[in-house]
Amino acid sequence: MASVAITPAYAQQTTPKSIRPAAAGFSIPAGPLDAAIMRFGDDAGLQMLYPADVVRGLRSAGLSGSFTTDAALARLLAGTGLVYRFTGTNTVTISDPRRTTSGEGAVTPDGATALQKIEVSGLGAATEGTGSYTTGEMATAAGLPLSIRETPQSVTVVTRQLLDDRQATTIADALGSATGISIQRYDSDRTEFFARGFALTEFQYDGVLAKTDGVYDYGLSNADMTIYDRVEIVKGANGLLQGAGSPGAAVNLVRKKPTDTFQASLTGTAGSWDTYRSEMDVSGPLNADGSLRGRFAGAYEDGKSYLDHYEKRKFTLYGVLEADITDDTTLTVGADYQRNLPRGSSWTGLPMFYSDGSRTDWDVSKNPATEWSRRNTYANNYFATLVHEFDNGWNLDVTLNHRRNGHDSVLGSAGGGWPDPVTGAGVFQYVGRYGGNVVQNTADVRASGPIELFGRDHDLMIGATASRTSDKGPWYGYGGVGYDPNVPNFFDWDGKTQEPGFDLVGKYQTKTTQYGAYAAIRLKPTDELSVIAGSRISWWDTNDYGTYDNASGTWAGAAAYSVKGELTPYLGVVYDLTDSYSVYASYTSIFKPQKSQDVAGAYLDPEMGNSYEAGVKGAFFDGALNTTAAVFLTRQDNVGEQAGTDPVTGDPYYTAADGVTTKGFELEASGEVLPGWNVYAGYTYAHARKADGDRVYSFIQTSAPENVVKLFTTYQLPGEWEKLTVGGGIRWQDEIYGKVWSPASEYAVLSQKNVFLVDLMARYSFNEKVDLTFNAKNLLNEKYYAGFGNFDTGFYGEPRSFSVSTKFKF
């Protein structure tokens, strides 16, 4: 069948047919949309009808592989804002809903019938393969599948395309791309993330919560991104689904899913400091009718670092099966595993003062760690999800998750003391061995679907969750036997020392149990107004058995507390001003139990408070571009703040700060501005202060920046240069402050100047199967502290780096 470009702006509407051609193979190169549609029509045996001016100047990313007709059309039109519908058994009509009149059957000036606006878009929840910097829907905020515009909170989605364009291989890379998220480093292997002035203390994996521990980390802040489709970030408190959590943001890492058609890729990357990385990803049906689908992905990375004598090996494996048990029931089972094996791991940073109180200024490459220092970690998840779709439109989701994380850390790092400015004497190593394993079992049951009230359709979601976590491990003696931690001359330090032995002196153990039940309803009193109301009730129980001493046979330092029946309400309102703009407002309360302990060893009470937000959202080009402008206010009590360090154990202790207030505003735009031009841009201002007006400091005694700007954009060149995509971005944040002990004046409040980082990328597609991507990060080679205050030291951020990757698709 030939494709036909109809020149009238309107066509007579016919009755759509439900028949669809079966899956077929396509090989359509990227290029002008008009040519791509014509090629598709010929290959699929379909007649394609569309106004000629609708496709003029638009481009398609092309199509390669086996797809059903609907899936092929969705990909072919992705990001164009155009929609399609079958107007006959073998006839497809393409239109621009922005040019049609509202209402089915509306009459145009010449008397023809306007094409009906069909809500079909190339963007759904999954972002892989869309080429977009935004998504069609997400459920992290309220448990309901809502578009960004329909969600009454500021949300950010780091899509697969943005991850690939930025060569973001770790969660730190991914969140470093996200609006309003700032990053601070403890040392070479541990990272702390901030949103709206508050540290993010937990992540979700496909909606299952995993609490992080900034001290031991267990590798969570080094999660490899090769297995994830996207990162969904809900700003502000998210107590409805997350229960206890950070008032800054909720971060949900969503795994890749098996695909209906076969696809495979191999990627090889070479970068600065002899860093090499390889990735593989294979997905598709495993039987003739496609009712069983599978996916396997993995990555291996080996390289050195800008830090002297630091290197890391890590590997990631992921496998998942998806089976259609019946036409309405799907079972998904899978597992992922990641192992990090660094050497030369620093434990804290570099001294920030000389012994006379003057400031130090080290080479960025200087590493305080010994060569044998290491922080080996692993993360392992097993998961199963059963989804059943009822005939009445309701869905039932049952999820089971078993998580195991662990670390074995043997550490030596010269971060103690203050060097003499002439001799370099006066520095000593922090030396110790630590280990531990976390086992978490989680079950979640959720049902959602439409309900009818007062003659209108609404949405309801109800669910319950239960989680039990055990954290235990060995306890070793401090310092090693017969080991001298003193450094004769820190100027000559190269990390070459003999690894000491450590005595096993006991063990530790903590158990935490959390239960919750939640519900949310989305009411639609009118076509323009939606109201989301919900609540969660939570039970929380923590029992810290303390430390068991082998010599005495007794436990010491035990502590426990419980929270029962804590209610967390949620309310959000969205009103559509026009077809493109909406205003919204939301409120939720904050409930966050914490492991911070006071000087007597007792747990601080849970952080409590309220979070408010209001703003304007826009969705353009059929959701291909989303914008948000928001203002927010958060008030909290019982916020844990480090007050000192135990002189015997070296462990920090905390006090509770009341009246902590964060207020500010946020701007964001993500998606396709023009055909071939993707933009991700965001600016956040967050002013966090305690009741007395002092800044709020994190665990590492560093404040979060008040102003954060993120921008990244790519453009596929037109015409003869269409194989080339160029892009770049900036990351900027203003001053941060840290409390650091000075030999001259005890605690000094230091400031870190504004940080301005420039990144570049370019990609050349030789054909639809092979492309080459070049990335440069911190192009201007900015020297800056990525964090300071941890044990009164400072840790430098990564200098300029380059990488080149080649991707082969099959």
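Taken together, the values in this text are just the output of simple stated rules run on the coordinates, not laboratory data. As the structure is a prediction and not an experimental result, all values here were calculated from the model. Cβ coordinates were reconstructed from backbone atoms using ideal geometry, including for glycine residues, and neighbour counts include every protein chain displayed.
Quick rundown of the values:
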read-out: Extension reserve of the ARG404-LEU760 stretch, reckoned as 0.36 nm per residue once the Cα distance is removed; value: 124.4 nm
read-out: Residues TYR612 and ASP541, FRET efficiency given R0 of 30 Å [Cβ-Cβ distance, rounded to 0.05]; value: 0.50
read-out: Peptide ranges 772-783, 138-149 listed from the most packed, as the mean C-beta count within 10 angstrom indicates; value: 138-149, 772-783
read-out: Highest-first arrangement of 548-558, 407-417, where packing means the average Cβ count within 10 Å; value: 407-417, 548-558
read-out: Nearest-ten-degree value, helix 33-44 long axis tilted from longest Cα axis of the chain; value: 70
read-out: In Hz, Karplus ³J(HN,Hα) per residue of region 175-180 (6.51, -1.76, 1.60; θ = phi - 60°; x = Gly, Pro); value: 6, x, 8, 8, 4, x
read-out: Amide H contacts under 5 Å for GLY207, placed H, 5+ residues apart; value: LEU253
read-out: Contour excess over end-to-end distance, with Cα ends at ASP598 and PHE810 and 0.36 nm allotted per residue; value: 70.6 nm
read-out: Cβ-derived FRET efficiency at R0 41 Å, LYS304 paired with ASN380, nearest 0.05; value: 0.95
read-out: Using a Förster distance of 35 Å, the FRET efficiency for ASP579-THR360 (Cβ separation, nearest 0.05); value: 0.05
read-out: 5 angstrom amide H check on PHE26, placed H, neighbours 5+ away; value: GLY65, SER66, PHE67
read-out: The chain - charge dipole about Cα centre, Lys and Arg +1 at Cβ, Asp and Glu -1, debye rounded to 20; value: 560
read-out: Cross-link table LYS256/LYS710; LYS304/LYS783; LYS723/LYS753; LYS304/LYS807; LYS256/LYS777; LYS235/LYS690, entries beyond 29 Å C-alpha to C-alpha; value: LYS723/LYS753
read-out: Most to least packed among 338-349, 491-502 [average Cβ atoms within 10 Å]; value: 338-349, 491-502
read-out: Signed unit charges on C-beta, dipole axis of the chain, positive-most listed residue SER272, GLN204, SER154; value: SER272
read-out: Computed label-point distance, nm, for sites THR655 and ASP274 using a 7 Å Cα→Cβ extension; value: 5.0
read-out: Gyration tensor (alpha-carbon) shape descriptor, region 154-276, a/c threshold 1.5; value: oblate
read-out: Listed residues ALA174, GLY609, THR127: farthest to the positive end of the dipole of the chain (Cβ charges); value: THR127
read-out: Amide H within-cut-off set for ASP229, under 5 Å, with H built and near neighbours excluded; value: VAL254, ARG255, LYS256
read-out: Dipole magnitude (debye, nearest 20) for region 760-810, charges at Cβ of Lys, Arg, Asp, Glu; value: 280
read-out: Derived scalar couplings ³J(HN,Hα) [region 563-575; Karplus, 6.51 cos²θ - 1.76 cosθ + 1.60; whole Hz; x for Gly, Pro]; value: 10, 10, x, 6, 9, 10, x, 9, 9, x, 10, 10, 10
read-out: Length gained when the stretch LEU321-LEU341 is fully extended (0.36 nm per residue, less Cα-Cα span); value: 4.3 nm
read-out: D (Stokes-Einstein, µm²/s), Kirkwood Cα radius, region 252-809, 1.002 mPa s at 20 °C; value: 78
read-out: Region 307-360 and region 466-517: distance between their alpha carbon centers, rounded to Å; value: 18
read-out: For region 723-776 and region 636-697, distance of Cα centres in Å; value: 19
read-out: Positive-end extreme of charge dipole, the chain - chosen from TYR508, PHE810, THR469 (charges on Cβ); value: PHE810
read-out: Cα-centre dipole for region 273-354 with unit charges at Cβ (Lys and Arg positive, Asp and Glu negative), debye to 20; value: 600
read-out: Derived scalar couplings ³J(HN,Hα) [region 511-521; Karplus, 6.51 cos²θ - 1.76 cosθ + 1.60; whole Hz; x for Gly, Pro]; value: 10, 10, 10, 9, 10, x, 10, 8, 7, 8, 10
read-out: Percentage relative contact order, the chain, counting C-alpha pairs under 8 Å, at least six apart; value: 10
